[in-house]
Amino acid sequence: RIKRLSKAMGNYPDQDYTVTDDKQLLDDEIGQLITGFQELCNRLDKTQQDLDQTMQQAFYSEKMASLGQLTAGIAHEINNPLGGLLNCVKTMQEEPENLELHNRYVPLLDKGLKRIEHIMRQLLNFGRKANLTFSKVDIDEIIRECFELLEYRLKKITLNLDLNLSESYCIDVEALRQIIINTGLNAIQAMPEGGSLTVSTKQTYARIVITITDTGTGIEPEIMHKIFDPFFTTKEVGEGTGLGLAVTYSLLQQMGGSIEVESEPGKGTVFTIMLPASPKPAEAARGRISEAEGEH
Ligand SMILES: Nc1ncnc2c1ncn2[C@@H]1O[C@H](COP(=O)(O)OP(=O)(O)O)[C@@H](O)[C@H]1O
Ligand SMILES: [Mg+2]
């Protein structure tokens with residue numbers, strides 16, 4: 001019986017841990033020990049259940065809190081251009097013959113609508129779950145292309161590209177572009193008086209490491225924990241929506257990657273992006289499915 005008890009103890013909680021169902025074997029001191037063990041297991045199970053439930057509740061309220069924050073943010077971001085748009089339309093309706101006014105207002109309408117479209121696109125990406133498509137690409141080349149797009153914003157900023165990935169990697173190109181543009185643009189915006197922006201890539205073991213280093217304003221420690229929150233921004237309306245890093249974080253999570261930040265106020269900031277060096281497309285897809293199933 002002692003042997004059986006000891007085996008059952010070893011089995012708890014993953015395998016069968018019943019010692020015996022035979023009541024006659026539980027009468028003496030060893031029997032009491034066995035009963036004690038079984039009661040202990042029951043109490044442990046109960047505690048574990050309570051813990052799981054508490055964790056689920058905590059997870060749920062956390063989710064509701066971020067949902068509330070997200071909705072408030074969307075309302076604010078859409079309301080801003082919307083007010084202007086409605087005003088434009090109202091004035092145009094009041095003066096249907098005034099061509100000069102119409103010519104002046106149509107570009108404003110266009111700009112406002114584009115802004116809403118931009119916010120919506122970012123939001124869709126933020127919630128995007130199931131449609132990452134992996135293909136073999138030259139990451140260094142994608143990064144070069146992204147900074148060609150951003151070139152007109154560089155002005156007094158010196159750009160250094162230190163790109164060392166010689167192979168192609170299996171990755172979602174659109175997601176990668178967005179990650180690079182978001183972090184690259186942030187770095188540029190952090191250096192209004194100029195500075196240097198260094199982007200480096202390398203492979204260390206099974207990881208691709210991309211760093212984006214700027215010599216800009218840096219990030220104050222007090223706001224560091226908020227920068228990945230949706231709609232958190234320190235920028236003027238029109239300059240930032242506060243979605244860039246939230247989208248980046250969400251995309252990286254879906255790709256099995258991660259992002260870290262180090263910053264010294266007044267000196268600059270380094271964002272380090274890590275990606276698995278070659279997630280096989282099939283594996284990546286399985287990861288997404290199990291993730292999607294876990295959501296309710
Ligand atoms: N490279 C950087 N240097 C300084 N601050 C940064 C940098 N990147 C991000 N931040 C801070 O994080 C905030 C959130 O960034 P982001 O999510 O891209 O939103 P947005 O750029 O629209 O404000 C920024 O408003 C800024 O305060
Ligand atoms: Mg940004």
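Can you name the residue in the stretch 176-199 that is within 14 Å of ligand 2 (Cβ to nearest atom) and polar (S, T, N, Q) and, of all such residues, is least open to solvent (accessible area, probe 1.4 Å)?
THR183
Name the residue that is nearest to LEU161 (Cα to Cα), counting only residues in the stretch 185-199 that are more than 9 Å from ligand 1 (Cβ to nearest atom) and not in a strand (DSSP E or B).
Looking at residues that are more than 9 Å from ligand 1 (Cβ to nearest atom) and not in a strand (DSSP E or B), I get GLY194.
Which residues, counting only those in the stretch 229-258, are hydrophobic (A, V, I, L, M, F, W, C) and touching a residue at least 24 places away in the same chain (Cβ under 8 Å)?
Across the stretch 229-258, the qualifying residues are PHE231, VAL237, LEU243, LEU245, ALA246, VAL247, LEU251, LEU252, MET255.
Could you run through the stretch 214-242 and say how many residues are within 28 Å of THR133 (Cα to Cα) and more than 6 Å from ligand 1 (Cβ to nearest atom)?
The number of residues fulfilling the criteria is 4.
Might you check whether a residue that is in a loop (DSSP other than H, G, I, E, B), surrounded by fewer than 18 Cβ atoms within 10 Å (Cβ to Cβ), within 14 Å of ligand 2 (Cβ to nearest atom) and more than 20 Å from the chain's Cα centre (by Cα) occurs anywhere in the stretch 262-278?
No, there is no match, as no residue in the stretch 262-278 is in a loop (DSSP other than H, G, I, E, B), surrounded by fewer than 18 Cβ atoms within 10 Å (Cβ to Cβ), within 14 Å of ligand 2 (Cβ to nearest atom) and more than 20 Å from the chain's Cα centre (by Cα).
Of all residues in the stretch 243-261 being touching a Leu at 6+ places or on another chain (Cβ under 8 Å) and open to solvent by 30 Å² or more (accessible area, probe 1.4 Å), which is nearest to ligand 1 (Cβ to nearest atom)?
SER258
If I ask for residues that are of a type in the set (A, V, I, L, M, F, W, C), within 16 Å of ligand 2 (Cβ to nearest atom) and part of a loop (DSSP other than H, G, I, E, B), which ones from the stretch 200-246 would you list?
ILE219, ILE227, PHE228, PHE231, PHE232, VAL237, LEU243
Please indicate, with yes or no, whether at least one residue in the stretch 45-63 is open to solvent by less than 70 Å² (accessible area, probe 1.4 Å), within 30 Å of GLY244 (Cα to Cα) and without any contact (Cβ under 8 Å) to a residue 60 or more places away in the chain.
Scanning the stretch 45-63 turns up at least one residue that is open to solvent by less than 70 Å² (accessible area, probe 1.4 Å), within 30 Å of GLY244 (Cα to Cα) and without any contact (Cβ under 8 Å) to a residue 60 or more places away in the chain.
The values are calculated or read from the model by the stated rules, or taken from the named source; none is laboratory data. Because the structure is predicted, anything quoted here is derived from the model rather than measured. For neighbour counting, all protein chains shown are included, and Cβ atoms are generated from backbone atoms with ideal geometry for every residue, glycine included. For accessibility, only protein heavy atoms count, side chains too; no ligands or nucleic acids. Shrake-Rupley method; radii C 1.70, N 1.55, O 1.52, S 1.80 Å.
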